[in-house]
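The values are calculated or read from the model by the stated rules, or taken from the named source; none is laboratory data. What you are looking at is a predicted structure, and each value in this text was computed from that prediction instead of being measured. FYI the Cβ positions are ideal-geometry reconstructions off the backbone, even for glycines, and counts take in every protein chain you see. Areas reflect the complete protein model, heavy atoms only, side chains present, ligands, DNA and RNA absent. Shrake-Rupley method; radii C 1.70, N 1.55, O 1.52, S 1.80 Å.
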Amino acid sequence: MSEAGSALATQFDDLDQQHDAATLGMWIFLVTEIMFFGGLFAGYAVYRSIYPQAFAAGSRLCEIALGAINTAVLISSSLTMALAVRAAQVGRRRAVVVLLVATMLLGTAFLGIKFVEYGHKYAEHLIPGSGFAYTGPYAQQVQLFVCFYFAMTGLHALHMVIGVGLLGVMAVLAARGRFTPAHYSPLEVAGLYWHFVDLVWIFLFPLLYLVDLHK
Amino acid sequence: MSEPRESYLNAGYGLKSWLLTTDHKRIALLYLISITLLFFVGGALAGLIRVNLLTPQGLLVGAETYNRLFTMHGLIMIFFFLIPSIPAVLGNFLVPMMIGARDLAFPRLNLLSWYLFVVGSSLAIVSAVTGGVDTGWTFYTPYSTTYSNSHVLPMAAGIFITGFSSILTGLNFIVTIHTMRAPGLTWFRLPLFLWSTYATSIIFILGTPVIAITLALVGLERIFGVGIFNPGLGGDPVLFQHLFWFYSHPAVYVMILPAMGVVSEIIPCFARKRIFGYSFVAFSSVAIAVLGFLVWGHHLFVSGQSIYAGMVFSFLSFLVAIPSAIKVFNWTATLYKGSIAFQTPMLYAFGFIGLFTIGGLTGLFVASLAVDVHVHDTYFVVAHFHYIMVGGAVMGYLGGIHYWWPKISGRLYPEAWARLSAVVIFLGFNLTFFPQFLLGYLGMPRRYHAYPPEFQVLHVMSTAGSTILGFGYLMPLVYLLWSLKYGPLAGSNPWGAKGLEWQTPSPPPTENFEHTPVVTEEAYAYSGEEAEQHV
C-alpha cells in the first residue's frame, strides 16, 4: 500500500471518508464544548442581570491592559495555526513545524500573562473563598463575579494547556513527515480546536474585562 | 463438529484481547457486563427500600440510612444503568452492523468511553461503600453543598466522568451514521433504531456537558466555599435546579428514545409488516429530542419559578405527548392485520407499549400546574417515572437483549422460560408500581422511611410486587447465561427479520460483513407471502 494507505484506518473505505469523519467529529466535539462553557455563561448572565453594579465593580478589578495584550497574542496564534494548516495542504513540511511551534509559543505566552494576572489577584486577596478581602460595596456579589472570572478563565486556560500539548504532538508528527497534502486531517481538527479556544476568549474578554468601560 | 467458524467471540481469548479491543461488538459486551452488575446493585438497594416500607415505622433502617438507600438507588440506576443501557450495549453492537460498516468511526474513542464509564462507576461504588450520598439523586443545593454530610464529591466526580463517556458515545454514533452508511442506505431506509439512536446522541452531546459543568460548580462550591448556589452568599439555589434539569429532563428521553427504537424494530418483525408511517416514527424521535430540551421547568413548578414560566413549561410539556403518541399509534397501526407471533421480544414490546402509555399519560397529570401542586414529590411522581423508566426503558432494553441475543451470542435462549420472564416482569412491575399511584394521590410523600398506618396495605402490595419483579429480572440472567453453552445454534437470521445485521452470520465475524453490503430496499420490507412461510 502507498503512504496514503498506511494513514487509512481499517474501518474506513478511503481517505476522504476518514477526513469527513474526523472533521465532523471535531465539530460535534466543539458543540459539546459550547454547551460545557454555556453553563458558565448562563450562570454569568443570570447574576450579571441581577447584580449589575457588583459586576461592574468586579470588572474594574481586571487588568484591561494585560487582557488586551492576551487577546492580541491569541488572535496572532490563530493566524499561525491557520497558516500551519495551509502549509500542510501545500506540503511544506518545515513551515508546518515552524508555524506550529510559533503557535505553541504564543499559547504559552498567553498562559504566562494569565498566570501573572492570577498572581496579582492572589496578592490582592481576591481569590474567592474565606480569604476574599474586597471591601467595597456589594462585596459578596463582587465575589460571585470573581468566582465566575476564575471559573471561566480557569476552564479556558485548561483548554489552552491541552491545546498546547495537542499542538506539540502535531509538531512531532509533522516533523516526522506524517502529513501530506492528501492526508492532514489530524492537523486540521487540532486547528479547529485551537480556533475554538481562541474564540471563547474573544467572548470572555469583553464579558469579564470591559463591563464598565464606557463610563 | 470441526473447526468452529471465526467470529468476534473467538478472535482472541486472553483478557488483553478484551480489555484492549477496539471491536465495537466486544466493547458492547464489556458494557453489558458492567451495567448488568450495576443494575443488580441498584436493584438490591431498591429491594432494601421496599423491605423497609413493609411496616409504617420502617422495618430496617432509620431516616439517615434510608436517605442514602434511595439516593444511591436513583444515582446508580439512572447514571450507571439506564442512561448507558441501550445506547452503550445495543447501540454499540448494532449501529455499525445496521449500516453495513466494519466498525464505528472512532473505535479507540469507543474503548476510551468504556474506560471512562468504568472509572466513573468505580468512583460511585467508592462513594457508596464509604457511606453513600444522601442528597437524593438530584444533588439539590443546599443538600449537596452547605448541609451535606455525605460523600457528594466522589459521586459527583464519578457522574462527571461517566458523562464524558456518554458524550463520546453520542459523538461516535452521529459521525458513524453520517459518514459510514453502506451504498444505497439512504436516510429514509435507515432502521428506526438508528433514528432514535441518532436523536439520543443529540441529547448526549447537547445536554451532558451542562450537567458536567453544573456538578463542577457544586464541587467548586464545596471545595472553596464560594456561593454560586448559596443565597447566603448572593447565589441562587434555583439556578442549580435549572441547570440540573436542563440536562436531567432530556436524560429521561435518553432512556426512553432508544427503547422506542428497539420496539420499532421488534414490532414489524413479529407482525411481518412494514412499519406504519415510517417517516412519522422517524421524525417523532427527533421531535422528542428537540422538545425535550424545552420542558425542564416543569420540575420547578413549586420551586418559586414565575407562574408565566410555569405556564409555558406546562404547555411545552404537553407538546411532548404528541410525538410520543404518534409512535404508539403507529406501532398499533402496524399490528393491524399483521401476522403476529407472540415470541419473547414481542411480549416485551407489548409490555412496553402498555406501560409506556400509562407512564406517558400520567406525565400529563404532573405537567398540569394545578394537579402537580397536589402530587408534587409524592409517590404519584415516583410511580409515573418508574412506568417510563422501568416499564418503558427496561422493558425495551430486555426486549432488545432477547431480540438480538441470537445475533450477539449465536445461540437461542429457551423460549418458554423467556416468555414466562416477560409475563412475570409485567405482572410484578404493575403490582409494584400501580399501588404507588394510589399512595401518591392519597398524599404519601416520596423519600420518607416511615408513613401513617393507613398506607400499609398499598405499601405491602408494592413490596410483594417488587419481590416478583426481582425474580423476573433474575430469570433472564440465568437462562441467557445458560444458553451461551447449551442453547441451540441460532443461525444467521432466526426471526426471519429484515435489516443488514441479520445478513451476516451469528455471532458476526470481527469485520462484520465479508463484503460491504449494498442496500436496495426500504427498511422493514416484510411481505405477506413471507409471513405465511414463516408461520
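Annotations for the structure displayed:
- Note, ³J(HN,Hα) from phi for the range B:371-381, Karplus 6.51, -1.76, 1.60, rounded to Hz, x at Gly and Pro: 5, 5, 4, 6, 9, 4, 6, 10, 5, 4, 5
- Pairs beyond 23 Å (Cα-Cα), from B:LYS327/B:LYS407; B:LYS273/B:LYS327; B:LYS16/B:LYS498: B:LYS327/B:LYS407; B:LYS16/B:LYS498
- Accessible surface area normalised per residue over the range A:1-116 is 47 Å², counting heavy atoms of protein chains with a 1.4 Å rolling probe.
- Nitroxide proxy distance, nm - points 7 Å out along Cα→Cβ at B:LEU369 and B:SER279: 3.8
- Modelled FRET efficiency - R0 51 Å, B:SER306 with A:GLU63, Cβ distances, 0.05 increments: 0.85
- B:GLY136 long-range amide H proximity, modeled H, under 5 Å: B:THR71
- Estimated Rh, the range B:22-503: Kirkwood, alpha-carbon pairs, angstrom: 22.7
- Interface residues of the range B:193-219, defined as a loss of at least 10 Å² in heavy-atom accessible area between the chain alone and the complex of all protein chains with a 1.4 Å probe, are B:ILE205, B:LEU206, B:PRO209, B:VAL210, B:ILE213, B:LEU217.
- Across all directions, the average projected area of the convex hull around the alpha carbons of the protein assembly as shown is 34.4 nm².
- Where A meets B: accessible area buried, both sides, 1.4 Å probe, Å²: 2600
- Surface share of carbon and sulfur [accessible, 1.4 angstrom probe, percent] for the range B:22-503: 74
- Around the amide H of A:HIS183, modelled in the peptide plane, lies no amide H under 5 Å away from a residue 5 or more places distant or on another chain.
- Normalised convex hull volume, the range B:328-448, alpha-carbon set, Å³ per residue: 120
- Each stretch of four or more DSSP H residues adds -39500 (n - 2.57); spread over every residue of the protein assembly as shown, this sum gives -23500 deg cm²/dmol at 222 nm.
- Per residue value of the accessible surface for the range B:22-503 (all protein chains in place, 1.4 Å probe), Å²: 33
- With 0.36 nm allotted per residue and the present C-alpha distance subtracted, the A:THR135-A:LEU111 stretch has 5.7 nm of extension available.
- Cβ-derived FRET efficiency at R0 41 Å, B:GLU521 paired with B:TYR448, nearest 0.05: 0.15
- In this simple spin-label approximation, B:VAL126 and A:ALA182 carry label points 7 Å from Cα along the Cα→Cβ vector, and these lie 4.8 nm apart.
- Taking all pairs of distinct alpha-carbon atoms in the range A:15-209, Kirkwood radius in angstrom: 18.0
- Amide H contacts of B:THR378 (H built 1.01 Å from N, in plane; Pro and chain starts excluded): B:ARG446 sit under 5 Å, all sequence-distant by 5 or more or on other chains.
- Extent along the principal axes, Cα only, for the range A:16-104: 54, 33, 13 Å, with the longest axis given first.
- Residues listed by number, the range A:30-63, amide nitrogen under 20 Å from A:ASP212 label point at 7 Å toward C-beta: A:44-63
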